[in-house]
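For reference, the structure is listed below as C-alpha cells.
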Amino acid sequence: MFQKITLLMLLAVVVSCQKKESVEKDKIKIADWLIGNWENKSPDGLLIENWQKVNDSTFSATSYFIKGKDTLHFEKIVLSQKGEKLTYSATVNGQNNDKAIDFPSTSETETKLVFENPQHDYPQKISYTKGANNTLTAEVTGKLQGKLTTERFIMVKK
C-alpha cells in the first residue's frame, strides 16, 4: 500500500512539473503576431523590421532605417522567454559598445507587448501594438535630454 501511495505522489509531481514547464515555454506564443516583415515608409525614410522565430523560446529581428542609400540606424533584437518572463534585448550598432540592453516585459496581452528598463538612457519603454489590417505600432518612450519623448512608428506587414 505504501509503495502505491509513493508511486502516485511521484507521478503527480512529475505531471505537475511537466505542465508548468509547458506553460512557461508557451508564454512567448502570445507574441507570434510579431513574426513577419514590417515596413514604415515616410518622407524621412524607410523603417524595416523583420521578425522570425528562432525556436520555442526565442524570436529575433533586425530593425533598420534607410534614408536614400544610407542606413542611418541598425539594430538587432532578441525576444526571449526565460522562465515565465519575456525579455526584449536590443543591440544598436555604435551604441553601448555594441552590447545588448535588456528590457524586461511589464505587460503582455494578445494585442500589446510592453518592455521597460528605467535605468536606460533612452528609451526607457518599448511597446508593440497589433493593429487592424496587418498593421503594427512600435512606440519608444523616455526622457531624452530631460524631456519626455515618444516616437511612434506604424508599420504594415509585407
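Can you order the peptides 147-155, 118-126, 31-39 by their average number of other Cβ atoms within 10 Å per residue, highest first? Display every interim value, and only then the final one.
On the way: 147-155: 13.1, 118-126: 14.9, 31-39: 17.0.
Going from most to least packed, we get 31-39, 118-126, 147-155.
Working from label points 7 Å from Cα in the Cα-to-Cβ sense, the residue 148 to residue 39 distance is 3.5 nm. Over segment 28-84, the pair-distance histogram of Cα-Cα distances with 5 Å bins from zero comes to 4, 19, 26, 18, 13, 10, 6, 3, 0 percent, rounded to whole numbers. Does segment 37-158 come out rounded, prolate or oblate by the C-alpha gyration tensor, with a ≥ b ≥ c the root eigenvalues, rounded set by a/c under 1.5 and, if not, prolate when a/b is larger than b/c and oblate if not? Note, shape of segment 37-158 comes out rounded.
What is the sum of charges, Lys and Arg at +1 and Asp and Glu at -1, for the other residues whose Cβ falls under 14 Å from the Cβ of residue 41?
Numbers: positive: 67, 157, 158; negative: 39, 44, 49.
Counting the neighbours of residue 41, the net charge comes to 0.
Neighbours of residue 118, meaning other residues whose beta-carbon lies under 15 angstrom from its beta-carbon, give a summed charge of -1 when Lys and Arg score +1 and Asp and Glu score -1. Which links in 41/82; 67/143; 69/112 stretch past 31 Å when you go from one Cα to the other? Over 31 Å Cα-Cα: 41/82; 69/112. Judged by the mean number of other Cβ atoms found within 10 Å, the most tightly packed of the peptides 57-69, 92-104 leads the ranking 57-69, 92-104.
How do the peptides 72-78, 50-56 rank, highest first, by the average count of neighbouring beta carbon atoms within 10 Å per residue?
Working: 72-78: 15.6, 50-56: 14.0.
So the peptides 72-78, 50-56, ranked by packing, come out 72-78, 50-56.
None of the figures in this text is laboratory data; all of them are computed from the coordinates on show. Worth saying up front: this structure is predicted, and the values here are computed from it rather than measured. Methodologically, a virtual Cβ is constructed for each residue, glycine included, from the backbone with ideal geometry; neighbour enumeration extends over all protein chains shown.
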